[in-house]
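Report on the following structure.
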Amino acid sequence: MKDMKVFAGNANPALAGDICNYLGVPLSKAEVRRFSDGEIFVEIGENVRGRDVFIIQPTCPPVNDHLMELVIMVDAMRRASARRITAVLPYYGYARQDRKVAPRVPITAKVVAEMMMVVGVRRVLTMDLHAGQIQGFFNIPVDNLFAAPVLLDYISQKMKNDVVMVSPDAGGVERTRAFAKRLNASLAIVDKRRERANECKAMNVIGDVAGKTAILLDDMVDTAGTLCAGADALIDAGAKDVYACCSHGVLSGPAIERLEKSKIKSLIITDSIPLSEAARNCKKIKVLSVCQLLGEAVKRIHSEDSVSSLFV
């Protein structure tokens, strides 16, 4: 892997370091800082001419800053004659607006895809996209990995009896059914009605959860309103304990306060997004690492090997 270079922006340097440790390569040098007016300055500290470049940069909050860091880093690599630039996005920001749901609204997931392609990204490696069809917004290869192997391994070890996998809404049923099948568990759905963005009202539970350990499964947790309301509905329906499991812990706004007060015993997330200090101090949050999953994908992309076995 002598012609590989791995860089990281300021979004999640810890995960980038773990991926490099798995690959056995050093994290390449790049200076990413800001001018006094807030503009981003990037300077690449190593020769990348003819190299296979990977930039690890989840576009997590503050989303605009990290997205611009990525775009500017890609432009610097392209102008330095990198052979191929792969954007490694453990978390893809702006993914929730993936279609028009009302007149005169944008499709921001497509906007971000266009930005990356125009600036010079030639491949994208991401994980648990909010909607799978976002892959079609790109005219370049996109590998959408799933954190399922990491999450399933933890759940199967810690919770073995009377488990029911619960989808917090109708849109997540397919994902939850796949988990339930792998765990040989039953399936339930929380019927909810969303009043406004980031606000919802859980209505009732479809399926038998009485006396069972319920595990709410979602791709991301933002303000935690959906999960906490779902936990209340599950307890009211007779669930013994309620856990939550998500790939991406955005945890913005009142999320930590809600989790602390909620009936959720533990929230299991990955390290795709770095936690705030408040989240790190929350004893209900359990973080699992996806560095090996992403690192193996980077290795296979670089060596032109198949990555299909990683799509579990």
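List of remarks:
- Flag: GLY211 matches the condition of being of a type in the set (Gly, Ala, Ser) and farther than 14 Å from VAL190 by Cβ.
- Residue within segment 299-310 that is assigned to a loop (DSSP other than H, G, I, E, B) and within 21 Å of LYS158 (Cα to Cα) present: no
- The set of residues in segment 263-285 being among the basic types (Lys, Arg) and either within 11 Å of LEU145 (Cβ to Cβ) or touching a residue at least 24 places away in the same chain (Cβ under 8 Å) (or both) consists of LYS263, LYS265, LYS284.
Listed here are the residues, each with its yes/no results for (1) of a type in the set (A, V, I, L, M, F, W, C); (2) at pLDDT 95 or above; (3) out of contact with any helix residue (DSSP H, G or I) (no Cβ under 7 Å at 6 or more places or on another chain); (4) farther than 14 Å from THR126 by Cα.
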position: ILE264; (1), (2), (3), (4): yes, yes, no, yes
position: THR270; (1), (2), (3), (4): no, yes, no, no
position: CYS282; (1), (2), (3), (4): yes, yes, no, yes
position: LEU288; (1), (2), (3), (4): yes, yes, no, yes
position: GLY295; (1), (2), (3), (4): no, yes, no, no
position: VAL298; (1), (2), (3), (4): yes, yes, no, no
position: VAL307; (1), (2), (3), (4): yes, no, no, no
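- Residue in segment 222-255 that is farthest from HIS130 (Cα to Cα), counting only those that are touching a helix residue (DSSP H, G or I) at 6+ places or on another chain (Cβ under 6 Å) and part of a strand (DSSP E or B): VAL242
- In segment 156-175, the residues that are part of a helix (DSSP H, G or I) and either at pLDDT 95 or above or basic (Lys, Arg) (or both): LYS158, ARG175
- Sub-9 Å Cβ pairs linking a first residue in segment 21-38 that is under 13 Å from GLU69 (Cα atoms) and of a type in the set (D, E, K, R) to a second residue that is assigned to a loop (DSSP other than H, G, I, E, B) and at pLDDT 95 or above, at least 6 apart or interchain, are GLU31/GLY45; ARG33/ASN10, ordered by first then second residue.
- Put simply, of GLU69, GLU43 the only residue that is farther than 21 Å from ASP3 by Cβ and in a strand (DSSP E or B) is GLU43.
- Scan of segment 48-62 for residues that are surrounded by fewer than 17 Cβ atoms within 10 Å (Cβ to Cβ) and in contact (Cβ under 8 Å) with a residue 12 or more places away in the chain, ordered by number: ARG49, GLY50
- PHE179 falls short on exactly one of the conditions (1) in contact with a helix residue (DSSP H, G or I) (Cβ under 7 Å, 6 or more places away or on another chain); (2) part of a helix (DSSP H, G or I); (3) modelled with pLDDT under 90, and that condition is (3).
- Selection from segment 128-170 of residues that are of a type in the set (Val, Ile, Thr), crowded, with 17+ Cβ neighbours inside 10 Å and within 17 Å of ALA297 (Cα to Cα): VAL142, VAL150
- Residue count for segment 75-123, restricted to those that are in a helix (DSSP H, G or I), farther than 17 Å from ASP143 by Cβ and in contact (Cβ under 8 Å) with a residue 24 or more places away in the chain: 7
- Within segment 1-50, tally of residues that are under 23 Å from the mean Cα position of the chain (by Cα), over 16 Å from GLN292 (Cβ atoms) and of a type in the set (S, T, N, Q): 1
- For VAL142, the requirement of being at pLDDT 95 or above and within 18 Å of GLU69 (Cα to Cα) is not met.
- In segment 265-283, of all residues being of a type in the set (A, V, I, L, M, F, W, C) and not in a strand (DSSP E or B), the one that is surrounded by the most Cβ atoms within 10 Å (Cβ to Cβ) corresponds to ILE273.
The values are calculated or read from the model by the stated rules, or taken from the named source; none is laboratory data. Computed from a prediction, not measured in an experiment: that's the story for all the values here. Here the Cβ is made from the backbone with ideal geometry for all residues, glycine too, and neighbour counts use every protein chain on show.
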